[in-house]
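Asks: This is the structure I have questions about; it appears just below.
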Amino acid sequence: MKIGIIGTGFMGTTHAGAWVKTGANIAGFLADPPSEAEPIAKRYGAKPYSTLAELIQATDVVDICSPTHLHAQMATTAAKAGRHVVCEKPLALTVAQGETILEACREANVKLFVAHVVRYFPEYALAASQVRAGKIGKVATAEYRRLSYRPKKPVGNWFLDEEKSGGILLDLMIHDFDIARWIAGEVVSVYAKKVSSFNKDSPSDYGQVILIHASGALSHISGAWAYPPPVFRTGFEIAGDGGLIRHDSEAESPIEVSLRQGKGEAPDVGLPASPLAESPYDLEIADFYRCLQKGTDPLVCAEDGLAALKIACAAMESARTGKAITLLQQKGGGR
Amino acid sequence: MKLAFMSAAHVHADAYVSCLKSIPDVEILGIADHDAERGKAFASRYGLPFFENYDALLAQKPDGVLITSENSYHKALSLKAAEAGVHILCEKPLATNVKDATAIVRAAREAKILLMTAFPMRFSVPVRGVRDELLQGKLGNPLCFNASNQGQLPPKDRAWFTDPVLAGGGAIIDHVVHLADVMRWYLGMEVVEVYAATNRIFHAHEVKIETGAMVSLQFESGVFATINCSWSRPSTWPSWGGLSFDLITDRGAVHVDAFKQNLTVFGAPSAHQGSAPATEDHDWSSAHGDGGSGPRWLYWGSDSNQMMIEEFITAIHERRTPLVTGEDGLHAVQIVEAAYRSIQAGRPIRI
């Protein structure tokens, strides 16, 4: 199985490190500009390609780790060429684009995987399994937090361009929209606020979203690009009529370093600090690889990626208009 | 200084007695309660005179009264006290609706008496300290709050808390007023829009009002806030609940947990019995019989209630406006009423 990876930033590099641990063969990379793919291609014994068409020709699976606004065109092109698609979250910038991608993959009879990696983080997976096992009864309220600093990039920081990334509600908070739906089921109403809606020049952004689930449960999602580097903190509290589950990455971090600082630099994108024998990214790519080989379903399916996108787009609309947005009930998969 | 209690319905009446007893020159004249049995039990618990009705109590000419009745009685009792020219410390929420709260504020103004709403969080040392730093410009410009005021369901012997008529609602009216007031106080501006969503999944078979709730506030400047105000804490929670918030500014964020100064006590089921400090907003812990088996949080921080009661007394002495007013109570009730209207309408409500 030959893999072609598009994008050689943090996520492309991370996926490459995960694919190489599977039985798959990384055949090529594509970057913009093309020369940026050369060092990583060399490291993995793969070829740097300069066009999407060439990359597609050389591979069986296209793994899209490019900026979000490019996902739809790349994914549909790959699908139409009969290639399986792995797409970094968010699936696309708009619901229409997302639906187009799913349709193209269905028509071409190729697999589509949306890389909602948080489902592979053991603290989230364990919480979900506890909820599934009825340990806290029926979920009533849940809170999810993802607190970090504004993403940095050496050049061309597309994260900060809402036309390219969708901003904090889509790029960051979609992780927890997916988890909230995984835990409490389909979402019927979305109400959102974000700092950049009332303060366009704010150096930081913060979003707060209230979801009403079809079950009656309420979820509150908060996402921050407002903390100083190197803060990357996640947490949740899921309360049911029979108990409560709580997680705080900082409180549960097994290592606490208190060293006098040299000229410390924070990484470009904040990352969780709890070390694990198996990285969630490795687990995710291994799951996708297994599904490709055996034709089974992944932990997070394409419909889940689309459903999370619908919630995020409703949140963006709510933040823009000040209204609560009603979502039609959607059928979703996942397990 | 002569003070008296009007009703012992609210669990805080017990806390306030011990606050008052520690202040020199304060005499507690006694208590009247429309529930005579409850009033008599309270009187005998603290060795106080019991009066058969409120007029008899007010005839003792107290300087001030502490109104700790069910929320729906606040208006009638406040009007009675105002008519008698007696200063009022009224338990929160000031009333169950804006109409009643407005009537209370007007009556106090016309009678020229001092009216204070019992918002103890204004006296919480950590909450106050962070506000001081914010006003000094040390924390940057506020952008939003992410807040939580959640607790256990009030116990069965305080069942009126979950009676929609007596309490005026459920988890929203019980909890939202505290943080709404703190945020108004921090920002020095009013809430202009409220959105709320609720459910009744916690304790669905025990009560008829909302037990799960999330409320979103928007202030004049665009600053916004969410308050999770649910009765979500299971009986095994290490305390009654808590109040905390993140204040996010253009410089970063500050987390404030008003009830974090606790010892964690494991494996001593009797350790918390009877030793709970008066500072806890609602000490339900001993009321939930099954809550004693896990670890307990024992609060050792400063007592906000004590400082609030002292402010009431000092303001009477100095004939000045107290740090928290009736108008503050009224604004909080406006926010609560808008939240309930938002649930009905399914959309945000302008104030």
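Asks: With the checklist (1) facing another protein chain (nearest Cβ under 8 Å); (2) not in a strand (DSSP E or B) in hand, flag the one item B:Arg184 doesn't pass.
Replies: Every listed condition holds for B:Arg184 apart from (1).
Asks: Moving on. From the list A:Ser253, A:Ser219, exactly one residue is free of Cβ contacts under 8 Å to residues at least 40 places away in the same chain, more than 7 Å from every other protein chain (Cβ to nearest Cβ) and of a type in the set (S, T, N, Q). Which is it?
Replies: Result: A:Ser253 is the single residue among A:Ser253, A:Ser219 that is free of Cβ contacts under 8 Å to residues at least 40 places away in the same chain, more than 7 Å from every other protein chain (Cβ to nearest Cβ) and of a type in the set (S, T, N, Q).
Asks: May I ask you to verify whether B:Gly242 is at pLDDT 95 or above, in contact with a Cys (Cβ under 9 Å, 6 or more places away or on another chain) and crowded, with 17+ Cβ neighbours inside 10 Å?
Replies: So B:Gly242 fails the test.
Asks: Run B:Gly222 past the list (1) more than 7 Å from every other protein chain (Cβ to nearest Cβ); (2) free of Cβ contacts under 8 Å to residues at least 24 places away in the same chain and report the number of the one that doesn't hold.
Replies: With (1) more than 7 Å from every other protein chain (Cβ to nearest Cβ); (2) free of Cβ contacts under 8 Å to residues at least 24 places away in the same chain applied to B:Gly222, the lone miss is (1).
Asks: Would you be able to say whether some residue in the range A:226-248 is in the same structural domain as A:Met316 (by TED's automatic domain parsing), touching a helix residue (DSSP H, G or I) at 6+ places or on another chain (Cβ under 6 Å) and surrounded by fewer than 24 Cβ atoms within 10 Å (Cβ to Cβ)?
Replies: yes
Asks: Suppose we filter A:Ala27, A:Ala18 for residues that are without any contact (Cβ under 8 Å) to a residue 40 or more places away in the chain and not aromatic (Phe, Trp, Tyr); which single one remains?
Replies: Step by step, each of A:Ala27, A:Ala18 is checked, and only A:Ala27 is without any contact (Cβ under 8 Å) to a residue 40 or more places away in the chain and not aromatic (Phe, Trp, Tyr).
Asks: When you check B:Ser216 against the structure, is it within 11 Å of chain A (Cβ to nearest Cβ), at pLDDT 95 or above and assigned to a loop (DSSP other than H, G, I, E, B), yes or no?
Replies: No.
Asks: Kindly indicate whether any position in the range A:103-111 is hydrophobic (A, V, I, L, M, F, W, C), assigned by TED's automatic domain parsing to the domain that holds A:Glu36 and within 17 Å of A:Cys313 (Cβ to Cβ).
Replies: no
Asks: Next question. Given A:Ala192, A:Ala184, A:Ala128, which one is among the small types (Gly, Ala, Ser) and away from every other protein chain (no Cβ under 14 Å)?
Replies: The unique qualifying residue is A:Ala128.
Asks: Have a look at B:Val177, B:Val207 and point out the one that is β-branched (Val, Ile, Thr) and more than 13 Å from chain A (Cβ to nearest Cβ).
Replies: Testing whether each residue is β-branched (Val, Ile, Thr) and more than 13 Å from chain A (Cβ to nearest Cβ) leaves just B:Val177.
Asks: Quick one: B:Phe202 ticks every box in (1) among the aromatic types (Phe, Trp, Tyr); (2) part of a loop (DSSP other than H, G, I, E, B); (3) under 19 Å from B:Ala253 (Cα atoms) bar one, so which box is it?
Replies: The single condition B:Phe202 does not satisfy is (3).
Asks: Run B:Ala276 past the list (1) farther than 28 Å from B:Ala180 by Cβ; (2) modelled with pLDDT under 95 and report the number of the one that doesn't hold.
Replies: Just one mismatch for B:Ala276, condition (1).
Asks: With the checklist (1) surrounded by 24 or more Cβ atoms within 10 Å (Cβ to Cβ); (2) at pLDDT below 95; (3) at the interface with chain B (Cβ under 9 Å from one of its Cβ atoms) in hand, flag the one item A:Pro203 doesn't pass.
Replies: Only one criterion in (1) surrounded by 24 or more Cβ atoms within 10 Å (Cβ to Cβ); (2) at pLDDT below 95; (3) at the interface with chain B (Cβ under 9 Å from one of its Cβ atoms) is unmet by A:Pro203, namely (1).
The values are calculated or read from the model by the stated rules, or taken from the named source; none is laboratory data. The structure displayed is predicted, hence computed values, not measured ones. As a convention, Cβ positions derive from the backbone with ideal geometry for all residues, glycine included, and neighbour counts pool all protein chains shown.
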